[in-house]
Structure formats: C-alpha cells, structure tokens
Amino acid sequence: MIQSLQHIPSTPLQAGKGASMQMLISPSQAPHFAMRKFVIQKGGHMPLHTNSVEHEQYVLKGSAKVVIDGQTSVVKADDILFIPAGIAHSYVVLGDEDYEFLCLVPNLDDKIELISPSCGC
C-alpha cells in the first residue's frame, strides 16, 4: 500500500484548540499498529487526557510544552516520545509554527478519558 498524504482527509479533534488528525494507516489496513499524523496549530493545545493504549510519537515540526505523568518537557522536531497506556498527557504549542507529530498506537480498543478541558499545563 502506498498513498499520498495529500489525499488523506484531516479530521478536527473535538477536545482542545486547533488540533486535527489524519489516519495514515488505519487498523483495518495493518494488523498490529495504526499510524496517525496530528497537527496542533500555533496557539493551540490538547487537554490533559489518558488513553487505554500506549502511544509512540515522533515530532515532525514545531515545538510544544508536553506534560506526561505530571512531568513537563519542551519537545521539538526529531524528538521521540513514549506515553504508556493510562498515563495523563497534554500539549501546548510553543512559538510561531504548528506542532506536528506522527503517533503510532496498537490496534486495540482505545478509551480516551478527558482529565481537564484546559491544557493541564
């Protein structure tokens, strides 16, 4: 399977501000992992939340203040993040460009729990 990013629709996320997701490889296309691309626009954020599955992330562009399990870090392009299942995390974009990252998750049911409607930072 080969496809162009330009032909994959972007879906706005209901939580946070300025966040959207593209499903690059869906659970129906691959047996073990799904691959998604997230964009959080400059000035945007994703609130503090948990997922019932782990996340492996690779930052493509921009920088953000990320909280993972109460620890705050500033991440930027080429950084790699691992977020274990059930661990609270949030994102706040820093600077003048969008924050973009790839996120791989196992093909399991993912229950998302919102901890705080704000950024949690």
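Annotation: amide H-H contacts under 5 Å for Lys42 (H modelled 1.01 Å from N, sequence separation of 5 or more, or interchain): Asp98, Tyr99.
The string of couplings for the stretch 8-17 from the Karplus curve (6.51, -1.76, 1.60, θ = phi - 60°) is 9, x, 9, 10, x, 8, 6, 8, x, 9 Hz, one whole number per residue in order, with x for Gly and Pro.
How much length is gained if the chain between Ser4 and Ala30 is pulled fully straight, taking 0.36 nm per residue apart and subtracting their Cα-Cα distance, in nm to one decimal? Could the numbers behind the result be given before it?
Details: separation 26, 0.36 × 26 = 9.36 nm, distance 1.68 nm.
Once the chain is fully extended between Ser4 and Ala30, it gains 7.7 nm.
In this structure the amide hydrogen of Ile87, modeled in the peptide plane, comes within under 5 Å of the amide hydrogens of Asn51, none closer than 5 places in sequence on its chain.
The Stokes-Einstein estimate for the chain, based on a Kirkwood radius over Cα pairs and taken at 4 °C with 1.567 mPa s viscosity, is a diffusion coefficient of 90 µm²/s. Annotation: amide H of Leu94 within the under-5 Å range of Ser63, Ala64, Lys65, sequence separation 5 or more or interchain, hydrogens built in the peptide plane. Couplings 3J(HN,Hα) of the stretch 76-87, computed from phi: 8, 3, 6, 7, 10, 10, 10, 10, x, 4, x, 9 Hz, in residue order, whole Hz [Karplus 6.51 cos²θ - 1.76 cosθ + 1.60, θ = phi - 60°; x for Gly and Pro].
For the stretch 19-25, putting each phi into the Karplus relation 6.51 cos²θ - 1.76 cosθ + 1.60 with θ = phi - 60° gives couplings of 9, 9, 9, 10, 8, 6, 10 Hz, in residue order, rounded to whole numbers and with x for Gly and Pro.
All of the numbers you see were taken from the coordinates with simple rules; none came from a lab. All of these numbers come straight from a predicted model, not from anything done at the bench.
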